[in-house]
Amino acid sequence: MLLKPCLGKEMFDPSDTPRLFGVPLGVDFPKALVNGLLERNSTLPAEALARAQIVVNTSRMARRVRTLFDQGPACLLPKITLIGQLPDEFLPGQLPQPAQSLRRRLEIAQLIMRLLESDPSIAPINSAYDLADQLVNLIGEMQGEGVSPDEIESLDITDQSGHWQRIKSFLSIVRPYFDSKIDEPDPEARQRLAIERLAAVWEQEPPQHPVIIAGSTGSRGATMLLMKAVAKLPKGAVILPGFDFDMPHAVWDNLMPRSTKSLPLEDHPQYRFANLMDQLGMNRADILAWDQTQPADPERNKVFSLALRPAPITDQWLIDGPKLSDLCKAMQSTTLVEAPNQRVEAMAIAMRLRQAAGDGATAALISPDRTLTRQVSAALDRWNITPDDSAGLPLNRSASGRFLRHVGDLFRQSLNSELLLTLLKHPLCHAGIERGPHLRLTRELELYLRRKAIPFPNEATLMLWAESGGHEGSEAWVRWLCSCLIAKIDVSEKPMQDWVEQHINLAEKLSGGVDPDDAPAVWSGDSGLAAHALMQELAEAASAAGVLNSFDYVNIFSSVLSQKEVRNPITPHPNILIWGTLEARVQGADLLILAGLNEGSWPESPKPDPWLNRALRDQAGLLLPERRTGLSAHDFQQAASAPEVWFTRSIRTDDSETITSRWLNRLQNLLSGLPDQRGPEALNEMRVRGALWLDYVRELEQPRSIDPATRPAPCPPTMARPGGLSVTEIRHLIRDPYAIYAKHVLNLRPLDPLMRGPDPAIRGTVLHKVLEVFIKETLANPYAFTKDRLLNVTNEILEVEVPWVEARILWLARMEQIADWFIDTEHARRVIAMPTAFEARGSASFSDPDFTLRGTADRIDMDETGQVHVYDYKTGTPPSKEQQVHFDKQLLLEAAIAQQSGFGELAPAQVARAVYIGLASGGKEVEAPLAEEPPEITWEKLKKLISAYSETETGYTARRAMHLKRDYGDYDQLSRYGEWDITDDPEKSRVG
């Protein structure tokens with residue numbers, strides 16, 4: 001390869017001042033960096049570039065720079081180093097290794113716990129781990145900014161309140177971590193110590209090769225020290241990203257305080273650069289452009305530079321605003337989307353990204369609002385577009401992370417059906433070759449738990465299902481299940497190492513399945529590897545945690561898990577990107593969408609500081625909330641200078657109206673105030689372009705016109721109609737015939753809830769059993785016929801049958817309210833007749849058409865004449881006389897069965913009485929109207945009713961005669977009730 005003639009010997013000319021270069025806003029910084037390096041080395045020997053050392057702040061920036069060099073022209077590459085690696089490279093073996101962050105957190109948590117035990121008035125003991133997180137963050141910030149505990153204690157505190165004394169108590173326990181001789185310093189302390197030593201070495205022996213810090217803004221104190229040291233090197237330089245060359249020199253001077261009484265304007269996007277220049281004794285005129293690359297739209301850059309002027313000098317809008325050129329031209333590549341809500345905002349963004357994917361353009365969404373970015377990802381899924389999300393997936397939302405969280409829940413809560421099935425259905429549970437049988441048995445077990453209303457399964461209930469269900473392989477499967485899940489809750493305290501080992505072993509056993517030789521799938525894939533690394537990290541740091549109970553362990557585990565991330569295993573679209581603000585500084589795209597531009601999102605609301613208020617932070621030299629706001633403002637200004645930009649926001653959230661981001665608000669105010677430069681017109685055009693996409697969203701989501709369903713009255717063939725019903729189902733045949741059709745013709749059943757609560761059906765079953773046991777006992781032992789014994793029986797059965805403590809207390813109280821009434825009326829019933837049968841099953845049939853009526857009588861008494869008295873217990877309100885005559889014929893039909901064929905071993909007999917015994921509201925007896933509706937007439941009416949429904953022209957009308965319009969039927973959704981009304985005529989249709 002022929003080399004160009006060498007016209008110089010060094011990359012930089014000698015200079016008596018530090019070297020600071022700037023790259024304009026809106027320029028692709030890595031590309032400008034590479035172009036500038038190639039241009040400066042074009043006249044130097046080929047090895048000159050290889051001697052240069054480029055220091056960047058992120059691995060992503062390093063990869064991008066390397067990729068740009070690989071694109072050519074061919075050259076020897078410079079050395080690319082991360083800021084964190086630089087001290088170790090120049091000072092090998094001279095620095096202590098940093099402490100493990102998790103271990104340090106656990107150590108401090110133990111110190112805080114001992115402090116709280118000695119003085120409980122400081123804070124609740126259960127807040128120790130949360131306080132440890134916050135204190136570790138404060139320690140790291142103090143170490144990074146070079147602030148010692150002595151400086152905090154010497155702050156000017158005029159209010160000697162108890163709050164300040166508590167803060168000093170916390171700081172006293174962490175003072176040892178600021179000792180410069182500590183064996184394992186915190187990462188922030190080590191980094192600052194390393195940079196201070198490196199700066200001292202460089203003052204005596206500066207490196208003989210070019211050292212360039214590129215892309216850092218100096219927002220942290222330690223990084224600022226390094227930038228100052230490099231800028232002063234004979235062959236050093238600092239390249240600042242997103243430098244505002246359009247801002248006048250006087251404005252730059254105003255960013256720094258002119259007196260000790262005024263505060264620096266840290267919320268301005270260019271403040272960090274002004275601070276660096278001030279500390280180096282430089283001014284704006286000393287900053288040179290790194291290369292000749294021009295911004296995408298220089299005129300738009302001027303607009304944003306003016307719009308983001310510091311708040312105290314926004315009066316300069318009146319002076320400098322008229323100097324701007326045609327604003328319609330400057331803002332022609334910008335779009336403003338003001339969506340009514342966040343869902344519409346996400347949909348509009350997704351549609352624009354879809355168009356970019358179709359055009360082959362590179363488009364990136366930038367937003368600190370992770371909820372919004374997830375909504376956009378979900379919206380893109382309808383077009384099978386998976387964006388490349390730089391933030392990845394939080395580990396606690398990955399498959400392995402979720403599985404480990406569910407396993408951890410077993411340690412601190414009793415097993416219930418919901419947690420059981422959540423684990424069994426997880427894709428990493430029993431993930432070996434026998435996964436199919438596992439899913440089959442899981443399905444059968446779920447149906448059993450729902451049908452039997454078992455909210456808290458135990459070993460006995462699971463083994464009973466396995467032994468009686470007849471499912472192949474169920475017994476071995478249940479034994480494995482019980483060994484993994486039953487009785488895992490542990491309230492004891494033990495070393496954290498034991499908890500971690502128990503957690504890992506249980507997760508592997510559940511993931512491996514019945515066959516112990518199957519490898520556990522929980523550690524497979526990217527998320528599995530990340531989860532395994534996290535568990536190993538916990539194990540290594542466990543000795544610092546001391547002794548924990550299960551609740552503290554699971555809380556620590558969940559907190560650490562939520563802080564880790566893992567890349568999405570699905571291959572994303574190469575041109576559709578979701579970036580954080582940090583990634584946006586080091587990447588380039590054809591379209592940038594700045595989303596969620598509302599106060600509280602851009603910029604984010606400052607988090608509450610439990611330690612120091614703003615004034616004390618300023619005194620101590622710690623980071624102010626304004627500094628974070630200014631950093632976010634710089635990210636905004638840099639992104640807003642891209643070739644094409646979208647600004648999006650939602651006008652409302654779920655519960656309130658939003659406030660426009662201060663930066664977008666400034667832009668709107670500036671444009672609105674410059675009519676001579678066509679500012680209002682430019683703003684209107686931005687909104688019109690955004691409104692067009694909102695119209696696209698409305699058009700996309702406009703529902704098709706669908707004719708509503710009619711009120712169904714299906715007419716199945718005679719042979720498909722039910723040949724028998726229970727006495728309780730006759731009520732449905734009269735009131736809601738469609739329910740009979742769905743249940744007996746279509747063979748559909750409503751799915752019982754998994755975590756069934758103490759509903760009226762369960763209460764009725766339990767109280768029926770209570771009264772049956774009590775009545776039988778009093779027949780054998782008349783002395784047990786007391787209120788106390790009734791309540792004792794109630795309590796005993798509730799303890800066994802009802803797992804809900806609140807329901808047991810409430811139902812026992814209700815029984816106590818009616819106990820006296822029940823005892824008195826039972827004496828009266830015993831005078832008339834004696835209890836003879838309980839839960840007696842009976843049936844009666846007739847022909848033409850063939851039909852069988854089935855029923856179960858709660859209780860049948862027989863008097864001296866051989867006549868029977870039929871009783872039915874009601875935990876709710878018994879039906880009235882009129883309701884029984886026309887609709888609720890259960891008791892009348894039971895009387896007809898008793899007279900037609902008898903119940904159980906009882907022969908047919910004359911029915912003397914049929915009575916509802918109401919157990920609510922103080923107790924109430926309601927007799928069936930046997931005088932008006934004797935069993936013979938009831939039986940004939942039943943024949944006519946069944947004969948009518950045996951005709952093929954008779955339809956099973958939905959909600960024919962419901963008691964109340966608001967009454968809910970199990971099959972209302974199937975009949976599409978709501979699309980039709982009860983005033984609509986039923987539409988008969990032949991089926992089958």
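Within the stretch 241-249, can one find any residue that is assigned to a helix (DSSP H, G or I), over 43 Å from the mean Cα position of the chain (by Cα) and either outside the structural domain of residue 59 (by TED's automatic domain parsing) or not polar (S, T, N, Q) (or both)? Within the stretch 241-249, one or more residues are assigned to a helix (DSSP H, G or I), over 43 Å from the mean Cα position of the chain (by Cα) and either outside the structural domain of residue 59 (by TED's automatic domain parsing) or not polar (S, T, N, Q) (or both). Out of 365, 421, one residue alone is assigned to a helix (DSSP H, G or I) and not charged (D, E, K, R). It is 421.
Can you tell me which of (1) more than 26 Å from the chain's Cα centre (by Cα); (2) in contact (Cβ under 8 Å) with a residue 40 or more places away in the chain is the one residue 411 doesn't meet? Status for residue 411: all satisfied but (1).
Answer yes or no: is there a residue in the stretch 393-400 that is under 30 Å from residue 492 (Cβ atoms), buried (at least 22 other Cβ atoms within 10 Å of the Cβ), touching a residue at least 12 places away in the same chain (Cβ under 8 Å) and in contact with a His (Cβ under 9 Å, 6 or more places away or on another chain). Yes; the residues of the stretch 393-400 include at least one that is under 30 Å from residue 492 (Cβ atoms), buried (at least 22 other Cβ atoms within 10 Å of the Cβ), touching a residue at least 12 places away in the same chain (Cβ under 8 Å) and in contact with a His (Cβ under 9 Å, 6 or more places away or on another chain). Filtered by the rule that a residue be touching a helix residue (DSSP H, G or I) at 6+ places or on another chain (Cβ under 8 Å) and either without any contact (Cβ under 8 Å) to a residue 60 or more places away in the chain or buried (at least 20 other Cβ atoms within 10 Å of the Cβ) (or both), the stretch 894-909 gives 894, 895, 896, 897, 898, 899, 900, 903, 908, 909.
Look at (1) assigned by TED's automatic domain parsing to the domain that holds residue 654; (2) part of a helix (DSSP H, G or I); (3) surrounded by fewer than 22 Cβ atoms within 10 Å (Cβ to Cβ); (4) touching a residue at least 12 places away in the same chain (Cβ under 8 Å) and you find that residue 338 fails only one, number (2). When the criteria are applied in full, residue 674 meets the requirement of being in the same structural domain as residue 369 (by TED's automatic domain parsing) and at pLDDT 90 or above. Restricting 528, 588, 600, 546 to those that are surrounded by 21 or more Cβ atoms within 10 Å (Cβ to Cβ) and either modelled with pLDDT of 85 or more or more than 20 Å from the chain's Cα centre (by Cα) (or both) reduces the list to 528.
Looking at 748, 754, 798, just one residue is assigned to a loop (DSSP other than H, G, I, E, B), modelled with pLDDT of 90 or more and under 38 Å from the mean Cα position of the chain (by Cα), and that residue is 748.
Kindly check whether there is at least one residue in the stretch 5-22 that is polar (S, T, N, Q), surrounded by fewer than 17 Cβ atoms within 10 Å (Cβ to Cβ) and under 26 Å from residue 288 (Cβ atoms).
Yes, the conditions are met somewhere in the stretch 5-22.
The set of residues in the stretch 250-280 that are part of a loop (DSSP other than H, G, I, E, B), modelled with pLDDT of 90 or more and over 22 Å from residue 299 (Cα atoms) contains only 280. Would a scan of the stretch 532-539 turn up a residue that is closer than 30 Å to residue 653 by Cα and either outside the structural domain of residue 355 (by TED's automatic domain parsing) or crowded, with 17+ Cβ neighbours inside 10 Å (or both)? No, the stretch 532-539 has no match at all.
Close contacts from the stretch 124-141, counting a first residue that is surrounded by fewer than 16 Cβ atoms within 10 Å (Cβ to Cβ) and a second that is part of a helix (DSSP H, G or I), with Cβ to Cβ under 6 Å and a gap of 6+ residues or different chains, come to 125/116.
Just one residue in the set 738, 783 is at pLDDT below 90 and among the hydroxyl-bearing types (Ser, Thr, Tyr); that residue is 783.
Okay, residues lined up against (1) under 28 Å from residue 635 (Cβ atoms); (2) assigned to a strand (DSSP E or B); (3) free of Cβ contacts under 8 Å to residues at least 24 places away in the same chain:
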| site | (1), (2), (3) |
| --- | --- |
| 689 | yes, no, no |
| 699 | no, no, yes |
| 709 | no, no, no |
| 722 | no, no, yes |
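One residue is enough: does the stretch 922-932 have a residue meeting the conditions in contact (Cβ under 8 Å) with a residue 12 or more places away in the chain and farther than 23 Å from residue 876 by Cβ? Looking through the stretch 922-932, at least one residue is in contact (Cβ under 8 Å) with a residue 12 or more places away in the chain and farther than 23 Å from residue 876 by Cβ. When residue 776 is tested against (1) assigned to a loop (DSSP other than H, G, I, E, B); (2) over 23 Å from residue 449 (Cα atoms), just one condition goes unmet, and that condition is (1).
For (1) out of contact with any Leu (no Cβ under 6 Å at 6 or more places or on another chain); (2) farther than 22 Å from residue 891 by Cβ; (3) assigned to a loop (DSSP other than H, G, I, E, B), each residue gets a yes or a no:
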site	(1), (2), (3)
926	yes, no, no
931	yes, no, yes
938	no, no, no
945	yes, no, no
957	yes, yes, yes
962	yes, no, yes
971	yes, yes, yes
975	yes, yes, yes
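Consider the stretch 496-526. How many of its residues are assigned to a helix (DSSP H, G or I) and in contact with a Lys or Arg (Cβ under 9 Å, 6 or more places away or on another chain)? Selection size over the stretch 496-526: 3. Just one of 174, 201 is of a type in the set (Val, Ile, Thr) and buried (at least 17 other Cβ atoms within 10 Å of the Cβ); which is it? Answer to the selection: 174. Scanning the stretch 552-563 turns up no residue that is under 23 Å from residue 394 (Cβ atoms), buried (at least 22 other Cβ atoms within 10 Å of the Cβ) and in the same structural domain as residue 350 (by TED's automatic domain parsing). Identify all residues within the stretch 304-335 that are under 39 Å from the mean Cα position of the chain (by Cα) and assigned to a helix (DSSP H, G or I); write none if there are none. Of everything in the stretch 304-335, those that are under 39 Å from the mean Cα position of the chain (by Cα) and assigned to a helix (DSSP H, G or I) turn out to be 304, 305, 307, 311.
The values are calculated or read from the model by the stated rules, or taken from the named source; none is laboratory data. What you see is a predicted model, and the numbers here were worked out from it, not measured in a lab. Heads up, the Cβs are rebuilt from the backbone with ideal geometry, glycines too, and the neighbour counts pull from every protein chain shown.
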